[in-house]
1. When segment 76-97 is examined, which residues are found to be of a type in the set (A, V, I, L, M) and assigned to a loop (DSSP other than H, G, I, E, B)?
2. Kindly establish whether A62 is over 17 Å from Q2 (Cβ atoms), under 14 Å from the mean Cα position of the chain (by Cα) and open to solvent by less than 40 Å² (accessible area, probe 1.4 Å).
3. For segment 93-111, state whether one or more residues are over 16 Å from S26 (Cβ atoms), of a type in the set (S, T, N, Q) and surrounded by 14 or more Cβ atoms within 10 Å (Cβ to Cβ).
4. Would you pick out the residues in segment 98-107 that are among the hydrophobic types (A, V, I, L, M, F, W, C) and in a strand (DSSP E or B)?
5. Check V11, V27, V73 and return the single one that is under 19 Å from S116 (Cβ atoms), among the β-branched types (V, I, T) and over 13 Å from the mean Cα position of the chain (by Cα).
6. Within segment 72-103, can you find the residues that are more than 30 Å from Q12 (Cα to Cα) and of a type in the set (G, A, S)?
7. Got at least one residue in segment 49-59 being more than 11 Å from the chain's Cα centre (by Cα) and in contact (Cβ under 8 Å) with a residue 24 or more places away in the chain?
8. Taking the stated definitions as given, is A22 open to solvent by 20 Å² or more (accessible area, probe 1.4 Å) and touching a His at 6+ places or on another chain (Cβ under 7 Å)?
Amino acid sequence: VQLQASGGGLVQSGGSLTVSCAASGSVSSINIMGWYHQELGKQRKLVAHIDTGGFITYGDSAKGRFTISRDNVRHTVYLQMNAVNPEDTGVYYCFTIVRPSQMWYWGQGTLVTVSS
């Protein structure tokens, strides 16, 4: 499975931005799709993930501000980011977990910069 993330950029604090990630390859094996966030010099943290049935899990920093969704026809996952703040700055990596191996695949990441 290959993942291509897009949509990052510069956004003002309090603003909104949507990033997306399109999967290709063995897409029929995809189960979970989601996003991790990595600030410079820190470990990646879960933002949110969604399974094929639409069950969603959010990380603490995303609750109430971010919305994850997916298009199972286009094999694309979206992350709508609202009320962003400078702590949301960093690289957003999309990932997928496939069946039955439970193997993880990562996209190349997209940079989001929030200006204060």
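The values are calculated or read from the model by the stated rules, or taken from the named source; none is laboratory data. Computed from a prediction, not measured in an experiment: that's the story for all the values here. Because the Cβ atoms are built from the backbone with ideal geometry, glycine has one as well, and the counts that use them run over all protein chains shown. Quick note on the areas: whole protein, heavy atoms, side chains included, nothing else; ligands and nucleic acids left out. Shrake-Rupley method; radii C 1.70, N 1.55, O 1.52, S 1.80 Å.
1. Correct list: A83, V84.
2. It is true that A62 is over 17 Å from Q2 (Cβ atoms), under 14 Å from the mean Cα position of the chain (by Cα) and open to solvent by less than 40 Å² (accessible area, probe 1.4 Å).
3. The answer is yes; a qualifying residue exists.
4. Result: V98, W104, W106.
5. The conditions single out V11.
6. Scanning segment 72-103 gives a single hit, S101.
7. No: segment 49-59 contains no residue that is more than 11 Å from the chain's Cα centre (by Cα) and in contact (Cβ under 8 Å) with a residue 24 or more places away in the chain.
8. yes
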